[in-house]
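Structure record follows, encoded as structure tokens.
Derivation of every value follows stated rules applied to the coordinates shown; laboratory data play no part. Keep in mind it's a predicted model, so treat the numbers as computed, not measured. Cβ coordinates were reconstructed from backbone atoms using ideal geometry, including for glycine residues, and neighbour counts include every protein chain displayed.
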Amino acid sequence: MQPRFNFYKAAPDAYKAVAALEEYVQNSGIEKRHIHLIKLRASIINGCAYCVDMHSKEARHTGLSEQWINLMSVWKESPVYDIRERALLGWVDAVTNLAQTGAPDDAYEALKAHFSEEEMTKLTVAIGAINIWNRLAVGFRSQHPIDQAAEAA
């Protein structure tokens, strides 16, 4: 797979607008653990290798466990996520797949049980922000860096 073009250079004003939204998300008061969860889960759903690579590394760097990171793609089958995280994961799935899900009441009610209206709004903005990044990276085939391969023992 080859990159199609560099969207950062093609439309700097568009990039700056998305970056401003990202800055809002980072400074919105959302728990950093939840930001990592949102970014990683949405990127997995959207098939964005660039973002999965970046956000798994960021989550690891901030101290989240390998198990927490690695089981994100199968979260429904793993007890590693607490009840708030599970509610948020369900909402990320619902909002990221909006055309298919319509943001169902059960996902909303689960979220509402653990977060205020203000928090739900901010979390949903964060979901929207990573979905924009995913669409840019996947659409224009952004390539993640290749780490040095570890040798098998």
Which of the pairs Lys39/Lys122; Lys32/Lys112; Lys76/Lys122; Lys57/Lys122; Lys16/Lys57 have their Cα atoms more than 21 Å apart in this structure? Lys76/Lys122; Lys57/Lys122; Lys16/Lys57
Peptides ranked, highest mean first, by Cβ atoms within 10 Å: ranges 131-137, 6-12: 131-137, 6-12
Rounded, prolate or oblate: pick one for the stretch 51-120, where a ≥ b ≥ c are the square roots of the eigenvalues of its C-alpha gyration tensor, a/c under 1.5 means rounded, and failing that, prolate if a/b is larger than b/c, else oblate. prolate
Quick one: His114, His36, fewest Cβ neighbours within 10 Å first, how do they rank? His114, His36
Any idea what diffusion coefficient the chain gets from Stokes-Einstein, in µm²/s, Kirkwood Rh on alpha carbon pairs, 4 °C, 1.567 mPa s? 79
In whole angstrom, how far apart do the alpha carbon centroids of the stretch 103-153 and the stretch 66-89 sit? 13
Rounded to the nearest 0.05, what FRET efficiency do Met120 and Glu66 give with R0 = 30 Å and r taken as the Cβ-Cβ distance? Could you check? 0.55
With DSSP loop assignment and no more than 14 other C-beta atoms within 10 Å, the GluC sites (Glu not before Pro) in the stretch 1-85 are Glu31
Long-range alpha-carbon pairs in the stretch 25-86, meaning those over 13 Å apart, account in percent for 61
Kirkwood hydrodynamic radius of the stretch 1-59 from all distinct Cα pairs, in Å? 12.9
Along the dipole axis of the stretch 12-139 (charges at Cβ: +1 for Lys and Arg, -1 for Asp and Glu; origin at the Cα centre), the most positive-end residue among Asn134, Ala103, Ile35 is Asn134
Which three extents, in angstrom, do the Cα atoms of the stretch 84-153 have along their principal axes, listed largest first? 46, 33, 23
Summing -39500 (n - 2.57) over every DSSP H run of at least 4 in the chain, dividing by its residue total and rounding to the nearest 500, the 222 nm mean residue ellipticity is -20000 deg cm²/dmol
So how much slack lies between Asp53 and Glu77, counting 0.36 nm per residue of separation and subtracting their Cα-Cα distance, in nm? 6.4 nm
